[in-house]
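Asks: Starting off with a structure, shown below.
Every read-out reported here was derived from the displayed coordinates using simple, explicitly stated rules and does not represent laboratory data. Nothing here was measured: the structure is a model prediction, and the numbers come from that model. Here the Cβ is made from the backbone with ideal geometry for all residues, glycine too, and neighbour counts use every protein chain on show.
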Amino acid sequence: MALLLQIGLAPRVCAQDVYVHAGRMIDVLAGQMLDDRRITIRAGRIVDVGPWTLPPPGSRVIDWSERTVLPGLIDLHTHIADTGTSSDVALPVKTGPAETALLGARNARLTLKAGFTTVRDVGTYRGLTDVVVRDGIAQGLIPGPRMAVAGAYLTIPGGGGEITGLPAGMAVPPDMRLGVARGAAQVREKAEALFTAGVDHLKIIGTGAVLAIGTEPGTEEMTGEEIAAAVAVARAHDSYVTVHAHGAEGIKTAIRAGARSIEHASLIDDAAITLAKARGVWLVMDIYNGDYIDAVGTQEGWPAEYLRKNRETTQAQRDGFAKAVKAGVRIGFGTDAGVYPHGLNARQFAYMVRHGMTAMQAIQAATSSAAALMGRSDDIGAIAAGRYADLIAVDGDPLVDIRVLEKQPLVMLGGQVIP
């Protein structure tokens, strides 16, 4: 995987230790709230966590003694470097690479300020602009979360990862078709090219999509052989594949082919839940944004096909989420940010609690569990010695009222408080 994810904002190395006084601290590894903690930070990483004691005279202390401190949050399903969804299906084509990257910079800052210090970006129409944004953040050129990126969608021609429904005569440029492939050999070729371009993981469109004209969420698109080809390439690069799959059969095909995680899983059935549990596959289910699509999409005149498919999948997805939670399937926090405005990611927590999770489980889904899915547990996802000093501080107790996380928190990334 790319080294850039480890670097983040490249915080200043400073010989002086920094001490955070946390009035309350959520230990996501132990699953408990601890009072009056001292978090010691050196060169951007946590070196010690324990009960509060006064640090040496002259030390730099960050006083969060009136707040609850959590690990920086992780969103596993974002589209930072993209135009977002609107009534104009051609907007991504009309928006050039440079402007798309600038939009990504804006979206990255909004995401960081909302308390999400790491994101997994799972595809952009304008290929590799997510790589540009990730690298700009890593080099300290722009503020944003640590990013792991997919570069493009691996999708069949005309499938759920393509720009479809364009006006007559409008062509899709080559940089928006970097992952279009049919057959295992083409999938391997495109997957290798993406890793050569610097991506961190692969994103496959396994079924039709809600927000793609001419595709249906329940319809399988990529075959098991094609997905397995991508999985083999990813493993050779010490990485993994995540698969967009709404339909139950597509979910099962992806799991059997070796996917590490399934995105959306809107129409998941009991057999697919059982298979995911047995194989240890993660589900990343964006159960908030159906309400946003229905309300805002209707008001703004989004394509009727989008709205129809959203209505057909929203409640089914939430019912499936509740079943998966009850069954003990691994679940990571992912929102599909970009479908709705960036920075509102935390709105999903309340939906996860409403549909079967405890507040602690929902927070763990966005911290320790998300880090485990990404293979980054040594660096992110908990307030623990050795990990990056990525922290947020909020007023109130999110274990009592999870919606506390929707208010803009104080944010630290790599030991630096974000202004």
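Asks: Specify the angular offset, from 0 to 90 degrees and rounded to the nearest 10, of the alpha carbon long axis of helix 97-113 from the longest principal axis of the alpha carbons in the chain.
Replies: 40
Asks: Order 313-321, 239-247, 83-91 from most to least packed using the mean count of other Cβ atoms within 10 Å.
Replies: 239-247, 313-321, 83-91
Asks: Specify the angular offset, from 0 to 90 degrees and rounded to the nearest 10, of the alpha carbon long axis of helix 270-279 from the longest principal axis of the alpha carbons in the chain.
Replies: In the chain, helix 270-279 runs at an angle near 50 degrees to the longest axis.
Asks: To continue, here is another question. Can you tell me the Rg and the Dmax, both Å, for the Cα atoms in the stretch 71-229?
Replies: 15.4, 49
Asks: Once you order the gyration tensor axes a ≥ b ≥ c over the Cα atoms, which shape class does the stretch 11-110 get: rounded for a/c under 1.5, otherwise prolate or oblate by comparing a/b with b/c?
Replies: In terms of gyration-tensor shape, prolate.
Asks: Follow-up question, since we're still on this one. How do 16-22, 76-82 rank on mean C-beta neighbours within 10 Å, highest first?
Replies: Going by the mean number of other Cβ atoms within 10 Å, highest first, we get 76-82, 16-22.
Asks: Then there is this: Between SER59 and ALA193, what is the FRET efficiency for a Förster distance of 56 Å, r being their Cβ-Cβ separation, to the nearest 0.05?
Replies: FRET efficiency, SER59 to ALA193: 0.65.
Asks: With the cut-off at 1.5 for a/c, could you classify the stretch 304-419 from its C-alpha gyration tensor as rounded, prolate or oblate?
Replies: Prolate shape, in that a/c is at least 1.5 and a/b is the bigger ratio.
Asks: Quickly estimate the mean residue ellipticity at 222 nm for the chain, helices only: each DSSP H run with n ≥ 4 gives -39500 (n - 2.57), and the total goes over all residues, rounded to 500.
Replies: Value at 222 nm, helices only, nearest 500: -9000 deg cm²/dmol.
Asks: Moving on to the next point. Between the helical axis of 304-327 and the dominant principal axis of the chain, each derived from Cα atoms, what acute angle in degrees is found, rounded to the nearest 10?
Replies: 50
Asks: If you compute percent of Cα pairs over 36 Å apart for the structure shown, which of (i) 39; (ii) 29; (iii) 21 do you land on?
Replies: Label of the calculated value: (iii).
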